[in-house]
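Engineer: Just passing along the structure, written as C-alpha cells.
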Amino acid sequence: MKVIISGFGGQGVLSLGKFISYSAIEQDFNTSWLPSYGPEMRGGTSNVSVIFDKNEIAAPVIDHPDILIAMNDPSLAKFEDTVKPGGYIITNSNIVKLPVTRKDVTVYEVPVDDLAEKINKRGGNIIMLGMLLPIFKEISEESAINAIKHVFEAKPKVIEPNIQCLKEGIAYMQNLMK
C-alpha cells in the first residue's frame, strides 16, 4: 500500500505517517516513511510518503499513491493527479474547499477538525488513521492502538483521547462505506 499524506505543518501530517508505519510494522510489514517539508515547518506545507508491503520495498519514493490524504487545498492541488486510478482521495473538508475533479477514484470529504474537536482538538490526524483502517484491511485496530500507546508512552494522559479519536475515525468511515 502506498500513501501520501499532505497538509500544513502542525496538522500532524508527519505523525500520521509514523502511526501508519508503526501499525504496519507491528503486523510484520516492511515499511518506508519518507517525510518532506520546508524550513517553515509549522504553517508551511509538508508531506510524507508511507509504503507498507509484505514484499521488499525497493525505493521510498511514491509516484502514484493508492491513497492521498489532503489536509489542505495546496496538497490536493499538488497530488490529486498522481493517485492511481481506482485509488482513494480523503480530504479534510473543514479546510479543503477545492473540489476533487477525478472521476476514477473514490473520494471521501470528511470534517476531520469537527470530529476531533469533540474528543481531542489536536487529534485530527488520529481521526484520519482510524478512517484508513477500513480501507487498509491489512492493519488491525489493535495494531493502531499499540502504535498510539508507543508514540505517546511519555504522555499517558493523551493516550485514551487519541484511542477515542481512532475509534471515531473507524466508525465514521464504516458509515461512509455502507
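Every number in this text was worked out from the coordinates using simple rules, so none of it is lab data. Since this is a predicted model, take the numbers as computed values, not measurements. Heads up, the Cβs are rebuilt from the backbone with ideal geometry, glycines too, and the neighbour counts pull from every protein chain shown.
Engineer: Please report how many Lys pairs in the stretch 1-147 have alpha carbons closer than 16 angstrom, counting only residues at least 8 apart along the chain or sitting on separate chains. Write out the running numbers ahead of the final one.
Structural biologist: On the way: Lys2/Lys18; Lys2/Lys54; Lys2/Lys84; Lys2/Lys137; Lys54/Lys137; Lys78/Lys97; Lys84/Lys103.
For the stretch 1-147, the number of qualifying lysine pairs is 7.
Engineer: Another question about this same structure. Treating the beta-carbon of each Lys and Arg as +1 and of each Asp and Glu as -1, no other charges, what is the dipole magnitude of the chain about its Cα centre, to the nearest 20 debye?
Structural biologist: Working: 18 positive and 21 negative charges, 68 e Å.
Dipole of the chain, to the nearest 20 debye: 320 debye.
Engineer: In terms of the Cα gyration tensor, with a ≥ b ≥ c the square roots of its eigenvalues, is the chain rounded because a/c is under 1.5, prolate because a/b exceeds b/c, or oblate? Mind showing how you got there, number by number?
Structural biologist: Details: a/c = 1.28, a/b = 1.11, b/c = 1.15.
Since a/c stays below 1.5, the shape of the chain is classed as rounded.
Engineer: Next question, about the same structure. How many angstrom separate the Cα center of the stretch 62-117 from the Cα center of the stretch 135-178?
Structural biologist: After rounding, the separation between the Cα centres reads 20 Å.
Engineer: Could you give the dipole magnitude of the stretch 1-84 about its Cα centre, charging the beta-carbon of Lys and Arg +1 and that of Asp and Glu -1, in debye to the nearest 20? Intermediate results must be reported in sequence, preceding the final value.
Structural biologist: On the way: 6 positive and 10 negative charges, 34 e Å.
Charge dipole, the stretch 1-84, about its Cα centre: 160 debye, nearest 20.
Engineer: Express as a percent, rounded to the nearest 5, the fraction of DSSP beta bridges in the chain (both residues included) that run antiparallel.
Structural biologist: Working: 15 of 28 bridges.
Antiparallel bridges make up about 55 percent of those DSSP assigns within the chain.
Engineer: For the stretch 1-106, which trypsin sites (Lys or Arg not before Pro) pass both filters: DSSP loop (anything but H, G, I, E, B) and at most 13 other C-beta atoms within 10 Å?
Structural biologist: Hits after loop and neighbour filter: Arg42, Lys54, Lys97, Lys103.
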